[in-house]
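Structure first, commentary second.
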Amino acid sequence: MLGTNIGIDLGTTSIVIYIEGKGIVLSEPSVAAYDTNSGHLIAVGKKAYEMIGRTPDNIRIVKPMRHGVVSDFTATKHILRFFLSKICKNMIFKPNVVVCVPSMVTNLEKRTILDLITAAGAAKACLIEEPLAAALGAGLKSDRPKGAMVVDIGGGTTDVAVITMGCISVSDSVKVAGNAFDEAIMRQIRRERDVIIGERTAEFIKKQIGCSYLRSAELGLTVKGKHFITSMPVSIDVSSTEVYLAMRPQLESISETVRSVLELTPPELSADIADSGIYLTGGGALLHGIDKMLREKTGVKTFVAKDPLNCVALGTGEALSHIDI
(Lines give C-alpha, C1' and ligand atoms only; values in the text may rest on other atoms or scores of the structure.)
Protein backbone atom coordinates (compact mmCIF):
# COMPACT_ATOMS: atom_id res chain seq x y z
CA MET A 1 0.00 0.00 0.00
CA LEU A 2 1.38 3.39 -1.01
CA GLY A 3 1.94 6.00 1.66
CA THR A 4 3.23 5.82 5.23
CA ASN A 5 1.05 4.09 7.83
CA ILE A 6 0.27 6.35 10.80
CA GLY A 7 -1.62 5.66 14.04
CA ILE A 8 -3.29 8.53 15.89
CA ASP A 9 -4.58 8.57 19.46
CA LEU A 10 -7.06 11.44 19.08
CA GLY A 11 -7.56 12.12 22.78
CA THR A 12 -9.58 14.74 24.60
CA THR A 13 -6.48 16.27 26.20
CA SER A 14 -3.63 15.19 23.92
CA ILE A 15 -2.83 13.84 20.46
CA VAL A 16 -0.22 11.09 20.13
CA ILE A 17 1.03 10.07 16.67
CA TYR A 18 2.76 6.77 15.86
CA ILE A 19 4.57 6.10 12.57
CA GLU A 20 5.09 2.52 11.46
CA GLY A 21 8.76 1.64 11.76
CA LYS A 22 9.62 4.74 13.82
CA GLY A 23 7.37 4.53 16.91
CA ILE A 24 5.83 7.53 18.67
CA VAL A 25 7.01 10.71 16.97
CA LEU A 26 4.67 13.33 18.46
CA SER A 27 2.72 13.86 21.67
CA GLU A 28 1.13 17.28 22.20
CA PRO A 29 -1.99 18.77 23.83
CA SER A 30 -5.07 18.95 21.58
CA VAL A 31 -5.38 22.73 21.91
CA ALA A 32 -5.47 25.53 19.33
CA ALA A 33 -5.22 29.31 19.66
CA TYR A 34 -6.99 31.68 17.25
CA ASP A 35 -6.88 35.43 16.60
CA THR A 36 -10.52 36.50 17.05
CA ASN A 37 -10.08 39.54 14.77
CA SER A 38 -8.72 37.72 11.72
CA GLY A 39 -9.74 34.13 12.56
CA HIS A 40 -6.19 32.95 11.82
CA LEU A 41 -4.59 30.05 13.66
CA ILE A 42 -1.86 31.38 15.99
CA ALA A 43 -0.57 28.34 17.86
CA VAL A 44 -1.16 24.59 18.19
CA GLY A 45 -0.28 22.00 20.80
CA LYS A 46 2.15 22.89 23.60
CA LYS A 47 2.42 26.55 22.57
CA ALA A 48 -1.36 26.95 22.68
CA TYR A 49 -1.62 25.00 25.97
CA GLU A 50 0.82 27.41 27.65
CA MET A 51 -1.54 30.27 26.74
CA ILE A 52 -4.54 28.84 28.65
CA GLY A 53 -5.75 31.41 31.19
CA ARG A 54 -3.14 33.94 30.08
CA THR A 55 -4.49 35.35 26.81
CA PRO A 56 -5.70 38.86 25.88
CA ASP A 57 -9.21 39.43 24.57
CA ASN A 58 -8.20 39.04 20.92
CA ILE A 59 -6.95 35.46 21.35
CA ARG A 60 -9.34 32.53 21.76
CA ILE A 61 -8.21 29.14 23.09
CA VAL A 62 -10.09 26.12 21.69
CA LYS A 63 -10.15 22.55 22.98
CA PRO A 64 -11.93 20.85 20.07
CA MET A 65 -12.34 17.39 21.64
CA ARG A 66 -15.00 16.80 24.29
CA HIS A 67 -15.47 13.39 25.96
CA GLY A 68 -13.50 11.67 23.22
CA VAL A 69 -15.53 13.04 20.30
CA VAL A 70 -15.18 16.07 18.04
CA SER A 71 -16.98 19.19 19.27
CA ASP A 72 -15.25 21.67 16.92
CA PHE A 73 -14.69 20.18 13.46
CA THR A 74 -12.71 23.12 12.05
CA ALA A 75 -10.28 23.41 14.97
CA THR A 76 -9.64 19.65 15.04
CA LYS A 77 -8.98 19.67 11.28
CA HIS A 78 -6.52 22.56 11.68
CA ILE A 79 -4.67 20.78 14.52
CA LEU A 80 -4.43 17.47 12.65
CA ARG A 81 -3.42 19.13 9.39
CA PHE A 82 -0.67 21.04 11.24
CA PHE A 83 0.69 17.90 12.92
CA LEU A 84 0.41 15.69 9.81
CA SER A 85 2.17 18.27 7.64
CA LYS A 86 4.84 18.56 10.35
CA ILE A 87 5.66 14.85 10.32
CA CYS A 88 4.86 14.10 6.64
CA LYS A 89 6.58 17.10 5.00
CA ASN A 90 9.07 14.94 3.05
CA MET A 91 6.60 12.22 2.06
CA ILE A 92 5.47 11.86 -1.56
CA PHE A 93 2.21 10.02 -0.94
CA LYS A 94 -0.55 10.86 1.51
CA PRO A 95 -0.45 8.74 4.71
CA ASN A 96 -2.81 5.91 5.66
CA VAL A 97 -4.19 6.58 9.14
CA VAL A 98 -5.67 4.45 11.93
CA VAL A 99 -7.53 6.54 14.53
CA CYS A 100 -8.78 5.56 17.99
CA VAL A 101 -12.37 6.25 19.08
CA PRO A 102 -14.15 5.57 22.41
CA SER A 103 -16.03 2.27 22.54
CA MET A 104 -19.53 3.80 22.78
CA VAL A 105 -19.43 6.44 20.01
CA THR A 106 -22.33 6.63 17.56
CA ASN A 107 -22.12 5.93 13.83
CA LEU A 108 -22.47 9.66 13.15
CA GLU A 109 -19.51 10.43 15.41
CA LYS A 110 -17.47 7.72 13.65
CA ARG A 111 -18.31 9.19 10.25
CA THR A 112 -17.36 12.67 11.51
CA ILE A 113 -13.92 11.46 12.61
CA LEU A 114 -13.33 9.64 9.29
CA ASP A 115 -14.29 12.76 7.32
CA LEU A 116 -12.09 14.83 9.58
CA ILE A 117 -8.98 12.69 9.05
CA THR A 118 -9.53 12.65 5.28
CA ALA A 119 -9.97 16.43 5.25
CA ALA A 120 -6.76 16.80 7.25
CA GLY A 121 -4.76 15.06 4.50
CA ALA A 122 -5.05 11.27 4.89
CA ALA A 123 -5.33 8.98 1.85
CA LYS A 124 -7.15 6.28 3.80
CA ALA A 125 -8.66 6.40 7.30
CA CYS A 126 -9.67 3.49 9.56
CA LEU A 127 -11.03 3.39 13.10
CA ILE A 128 -10.15 1.20 16.08
CA GLU A 129 -11.85 1.24 19.46
CA GLU A 130 -9.70 2.65 22.28
CA PRO A 131 -9.97 -0.33 24.69
CA LEU A 132 -8.84 -2.71 21.93
CA ALA A 133 -5.92 -0.43 21.03
CA ALA A 134 -5.06 -0.06 24.73
CA ALA A 135 -5.03 -3.86 25.12
CA LEU A 136 -2.68 -4.22 22.15
CA GLY A 137 -0.45 -1.45 23.50
CA ALA A 138 -0.36 -3.06 26.95
CA GLY A 139 0.95 -6.26 25.38
CA LEU A 140 -2.18 -8.36 25.89
CA LYS A 141 -2.52 -11.16 23.33
CA SER A 142 -6.13 -10.72 22.29
CA ASP A 143 -6.16 -13.15 19.35
CA ARG A 144 -6.74 -16.18 21.60
CA PRO A 145 -10.08 -17.33 23.08
CA LYS A 146 -9.14 -15.98 26.49
CA GLY A 147 -10.66 -12.94 28.20
CA ALA A 148 -8.79 -9.87 29.42
CA MET A 149 -10.21 -6.66 30.91
CA VAL A 150 -8.86 -3.22 30.06
CA VAL A 151 -9.83 0.04 31.79
CA ASP A 152 -8.65 3.03 29.76
CA ILE A 153 -8.91 6.25 31.82
CA GLY A 154 -8.27 9.13 29.45
CA GLY A 155 -8.98 12.83 29.61
CA GLY A 156 -12.65 12.88 28.66
CA THR A 157 -13.88 9.28 28.94
CA THR A 158 -13.17 6.07 30.80
CA ASP A 159 -13.59 3.00 28.57
CA VAL A 160 -14.01 -0.42 30.15
CA ALA A 161 -13.94 -3.50 27.94
CA VAL A 162 -13.49 -7.26 28.02
CA ILE A 163 -11.31 -8.36 25.08
CA THR A 164 -11.29 -11.86 23.59
CA MET A 165 -10.15 -13.21 20.20
CA GLY A 166 -9.24 -9.76 18.93
CA CYS A 167 -12.71 -8.31 19.58
CA ILE A 168 -14.62 -6.57 22.35
CA SER A 169 -17.07 -8.90 24.09
CA VAL A 170 -18.56 -6.52 26.70
CA SER A 171 -17.87 -2.82 27.04
CA ASP A 172 -19.10 0.39 28.59
CA SER A 173 -17.97 3.99 28.60
CA VAL A 174 -18.52 6.77 31.12
CA LYS A 175 -17.78 10.47 30.54
CA VAL A 176 -15.76 10.70 33.75
CA ALA A 177 -11.97 10.85 33.54
CA GLY A 178 -9.00 13.17 34.02
CA ASN A 179 -10.80 16.40 33.07
CA ALA A 180 -13.64 15.57 35.48
CA PHE A 181 -11.05 15.18 38.27
CA ASP A 182 -9.66 18.64 37.47
CA GLU A 183 -13.13 20.23 37.47
CA ALA A 184 -13.96 18.55 40.80
CA ILE A 185 -10.79 19.99 42.39
CA MET A 186 -11.64 23.47 41.09
CA ARG A 187 -15.19 23.24 42.49
CA GLN A 188 -14.01 21.97 45.87
CA ILE A 189 -11.47 24.77 46.37
CA ARG A 190 -13.97 27.40 45.24
CA ARG A 191 -16.69 26.05 47.55
CA GLU A 192 -14.58 25.37 50.65
CA ARG A 193 -11.92 28.09 50.37
CA ASP A 194 -13.63 30.82 48.30
CA VAL A 195 -10.64 30.68 45.95
CA ILE A 196 -10.78 30.33 42.16
CA ILE A 197 -7.98 28.36 40.49
CA GLY A 198 -7.38 27.63 36.81
CA GLU A 199 -7.44 24.35 34.87
CA ARG A 200 -3.65 24.06 34.75
CA THR A 201 -3.37 24.59 38.53
CA ALA A 202 -6.04 21.94 39.17
CA GLU A 203 -4.20 19.51 36.91
CA PHE A 204 -0.93 20.24 38.74
CA ILE A 205 -2.60 19.54 42.11
CA LYS A 206 -4.02 16.26 40.80
CA LYS A 207 -0.65 15.07 39.51
CA GLN A 208 1.30 16.07 42.61
CA ILE A 209 -0.93 15.02 45.54
CA GLY A 210 -4.04 13.44 43.97
CA CYS A 211 -4.94 9.99 45.27
CA SER A 212 -7.67 7.33 45.01
CA TYR A 213 -7.86 6.64 48.74
CA LEU A 214 -6.85 8.41 51.95
CA ARG A 215 -3.07 8.37 52.32
CA SER A 216 -1.57 7.22 55.60
CA ALA A 217 0.83 10.20 55.47
CA GLU A 218 -0.96 13.32 54.30
CA LEU A 219 0.72 15.48 51.67
CA GLY A 220 0.33 19.23 51.16
CA LEU A 221 0.87 21.72 48.38
CA THR A 222 0.83 25.53 48.16
CA VAL A 223 -0.96 26.95 45.12
CA LYS A 224 -1.97 30.41 43.95
CA GLY A 225 -5.37 31.62 42.81
CA LYS A 226 -7.86 34.48 43.04
CA HIS A 227 -10.13 35.09 46.02
CA PHE A 228 -13.77 34.70 44.99
CA ILE A 229 -15.05 37.63 47.09
CA THR A 230 -12.20 40.18 47.04
CA SER A 231 -10.79 39.16 43.60
CA MET A 232 -7.29 39.56 45.05
CA PRO A 233 -4.42 37.10 44.38
CA VAL A 234 -3.97 34.62 47.24
CA SER A 235 -1.90 31.56 48.17
CA ILE A 236 -3.47 28.57 49.91
CA ASP A 237 -2.33 25.19 51.20
CA VAL A 238 -4.15 22.19 49.74
CA SER A 239 -3.99 18.74 51.35
CA SER A 240 -4.17 15.32 49.71
CA THR A 241 -7.26 14.50 51.83
CA GLU A 242 -9.05 17.55 50.43
CA VAL A 243 -8.17 16.48 46.88
CA TYR A 244 -9.34 12.91 47.51
CA LEU A 245 -12.70 14.11 48.88
CA ALA A 246 -13.14 16.31 45.80
CA MET A 247 -12.50 13.41 43.39
CA ARG A 248 -14.30 10.66 45.32
CA PRO A 249 -17.65 10.87 43.41
CA GLN A 250 -15.81 10.54 40.08
CA LEU A 251 -13.73 7.63 41.37
CA GLU A 252 -16.91 5.90 42.56
CA SER A 253 -18.45 6.38 39.10
CA ILE A 254 -15.45 4.70 37.44
CA SER A 255 -15.44 1.78 39.89
CA GLU A 256 -19.21 1.27 39.39
CA THR A 257 -18.71 1.14 35.62
CA VAL A 258 -16.02 -1.53 36.06
CA ARG A 259 -18.31 -3.53 38.35
CA SER A 260 -21.24 -3.29 35.89
CA VAL A 261 -19.08 -4.60 33.03
CA LEU A 262 -17.88 -7.48 35.21
CA GLU A 263 -21.51 -8.31 36.06
CA LEU A 264 -22.38 -8.51 32.33
CA THR A 265 -19.33 -10.63 31.46
CA PRO A 266 -20.03 -14.32 30.62
CA PRO A 267 -18.81 -16.81 33.29
CA GLU A 268 -15.94 -18.30 31.26
CA LEU A 269 -14.53 -14.85 30.48
CA SER A 270 -14.99 -13.84 34.14
CA ALA A 271 -12.86 -16.82 35.13
CA ASP A 272 -10.15 -15.67 32.69
CA ILE A 273 -10.24 -12.14 34.16
CA ALA A 274 -9.98 -13.51 37.71
CA ASP A 275 -6.84 -15.32 36.54
CA SER A 276 -5.23 -12.56 34.42
CA GLY A 277 -6.49 -9.46 36.27
CA ILE A 278 -7.57 -5.98 35.20
CA TYR A 279 -5.16 -3.75 33.25
CA LEU A 280 -5.25 0.04 33.63
CA THR A 281 -4.17 2.33 30.79
CA GLY A 282 -4.43 6.05 29.99
CA GLY A 283 -3.21 9.08 31.93
CA GLY A 284 -5.73 8.43 34.72
CA ALA A 285 -3.94 5.15 35.51
CA LEU A 286 -1.08 7.27 36.91
CA LEU A 287 -3.30 8.58 39.73
CA HIS A 288 -1.83 7.36 43.00
CA GLY A 289 -3.44 4.15 44.25
CA ILE A 290 -6.12 3.75 41.59
CA ASP A 291 -5.09 0.11 41.07
CA LYS A 292 -5.46 -0.53 44.80
CA MET A 293 -8.91 1.13 44.82
CA LEU A 294 -10.24 -1.03 41.96
CA ARG A 295 -8.75 -4.14 43.55
CA GLU A 296 -10.67 -3.43 46.75
CA LYS A 297 -13.92 -2.58 44.89
CA THR A 298 -13.92 -5.63 42.60
CA GLY A 299 -11.84 -8.25 44.40
CA VAL A 300 -9.85 -8.75 41.18
CA LYS A 301 -6.09 -8.14 41.01
CA THR A 302 -5.37 -4.94 39.11
CA PHE A 303 -2.24 -3.78 37.29
CA VAL A 304 -1.09 -0.51 35.76
CA ALA A 305 0.26 -1.04 32.23
CA LYS A 306 3.97 -0.48 31.56
CA ASP A 307 3.50 2.79 29.63
CA PRO A 308 -0.11 3.79 30.38
CA LEU A 309 0.05 7.24 28.75
CA ASN A 310 1.09 5.84 25.36
CA CYS A 311 -0.67 2.46 25.41
CA VAL A 312 -3.42 3.51 22.99
CA ALA A 313 -0.94 5.02 20.52
CA LEU A 314 1.27 1.92 20.72
CA GLY A 315 -1.84 -0.19 20.12
CA THR A 316 -2.62 1.72 16.93
CA GLY A 317 0.94 0.90 15.89
CA GLU A 318 0.16 -2.80 16.36
CA ALA A 319 -3.06 -2.36 14.36
CA LEU A 320 -1.21 -0.71 11.46
CA SER A 321 0.10 -4.10 10.33
CA HIS A 322 -3.57 -5.10 9.72
CA ILE A 323 -4.77 -1.82 8.22
CA ASP A 324 -6.24 -3.66 5.18
CA ILE A 325 -8.85 -5.36 7.40
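The values are calculated or read from the model by the stated rules, or taken from the named source; none is laboratory data. The structure displayed is predicted, hence computed values, not measured ones. A quick note on method: Cβ atoms are made from the backbone with ideal geometry, for glycine too, and the neighbour counts reach across all protein chains shown. What goes into the accessible areas is simple: the full protein's heavy atoms, side chains included, and nothing from ligands, DNA or RNA. Shrake-Rupley method; radii C 1.70, N 1.55, O 1.52, S 1.80 Å.
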Self-check item: Formal net charge of residues neighbouring His227 (Cβ-Cβ distance under 14 Å; K, R +1; D, E -1)
Solution: +3
Quiz prompt | the chain, accessible surface, carbon-and-sulfur percent (1.4 angstrom probe) | solution = 51 percent
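Starting from the exponent 0.38 and prefactor 2.2 Å, build the expected Rg for segment 236-293 from its residue count and divide its actual Cα Rg by it. Write out the running numbers ahead of the final one.
Values: Rg = 14.6 Å, N = 58, 2.2 N^0.38 = 10.3 Å.
For segment 236-293, the normalised Cα radius of gyration comes out at 1.42.
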Quiz item: What does the convex hull of the Cα atoms come to per residue for the chain, in Å³?
Solution: 135 Å³
Quiz prompt | Share of pairwise Cα separations in segment 75-131, more than 15 Å, in percent | solution = 49 percent
Exercise. Mind checking the per residue accessible area of segment 111-160 for me, 1.4 Å probe, whole number of Å²?
Key: 33 Å²
Quiz prompt | Alpha-carbon Debye profile of segment 145-251, log10 I(q)/I(0) at 0.10, 0.16, 0.23, 0.24 Å⁻¹ | solution = -0.37, -0.73, -1.16, -1.22
Quiz item: Can you give the calculated 222 nm mean residue ellipticity of the chain, where each DSSP H run of n ≥ 4 adds -39,500 (n - 2.57) and the sum is split over every residue, rounded to the nearest 500 deg cm²/dmol?
Solution: -11500 deg cm²/dmol
Quiz item: For segment 93-220, what is one quarter of the convex hull surface built on the Cα atoms, given in nm²?
Solution: 11.6 nm²
Practice problem: Please state, rounded to one decimal and in Å, the Kirkwood hydrodynamic radius that segment 170-232 gives when every pair of distinct Cα atoms enters the mean of 1/r. | Solution: 13.1 Å
Exercise. Please work out, to two decimal places, the log10 of the ratio I(q)/I(0) at q = 0.11, 0.17, 0.23, 0.25 Å⁻¹ from a Debye calculation in which every Cα of segment 1-87 carries one identical scatterer.
Key: -0.31, -0.69, -1.12, -1.26
Quiz prompt | Computed magnitude of the charge dipole of segment 23-133 (debye, nearest 20; Cβ of K, R +1, Cβ of D, E -1) | solution = 280 debye
Quiz item: Roughly how many debye, to the nearest 20, is the charge dipole of segment 117-204 about its Cα centre, given +1 on each Lys and Arg Cβ, -1 on each Asp and Glu Cβ, and no other charges?
Solution: 140 debye
Practice problem: State to the nearest 20 debye the size of the charge dipole of segment 10-77 about its Cα centre, where the only charges are +1 on K and R beta carbons and -1 on D and E beta carbons. | Solution: 80 debye
Quiz item: lysines within cross-link reach of Lys86: Cα-Cα under 21 Å, excluding same-chain residues under 8 positions apart?
Solution: Lys22, Lys46, Lys47, Lys63, Lys77, Lys94, Lys124
